[in-house]
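What follows is a set of notes on a single structure, which appears directly below.
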Amino acid sequence: MGFWDKLVGKSETIEKPTSVESKGEGVFKVHDVFNITGRGPIITGEVLSGSINLNSRTNISGKNVRIIKIEVNHKNAEVINKRDKAALVLEGIKKSDVKNGDELVLF
């Protein structure tokens, strides 16, 4: 019998959700920004709330920006959720448009 079983007196299973909503907003906190020649600006950071999908959009410095690639642990991803750390490849901006500490709202 584990600690949780002793605490509540019965066995409980907590399951991680297997699906997420495909629409909605996500807030992404920027930890670092760098540029890859021929690819464009890459931002690394963490999802603070919601979920973020490939091809999500936002406005940065008045420019319409789209996520063209999401990577988590060096693997491509279609969706990232709250607390996920990821790298995003952005289309439509320059490296100088985003800085460490920025929070992006993507939809």
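Read-outs: derived from the displayed coordinates by stated rules, not from any lab. Worth saying up front: this structure is predicted, and the values here are computed from it rather than measured. When we count neighbours, we look across all protein chains shown, and the Cβ atoms used for this are built from the backbone with ideal geometry, even at glycine.
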Counting other Cβ atoms within 10 Å, which GluC sites (Glu not before Pro) in region 18-107 have at most 15 and lie in a DSSP loop? Glu21, Glu25, Glu78
Most exposed first, judged by fewest Cβ atoms within 10 angstrom, Ser56, Ser51, Ser96 run Ser96, Ser51, Ser56
In sequence order, calculated HN-Hα J values of region 29-37 (Karplus, 6.51, -1.76, 1.60; Hz; x Gly/Pro): 8, 7, 9, 7, 9, 8, 10, 10, 4
So who's got an amide H within less than 5 Å of the one on Glu25, skipping anything under 5 residues away but keeping other chains? H placed 1.01 Å off N, in plane. Ser51
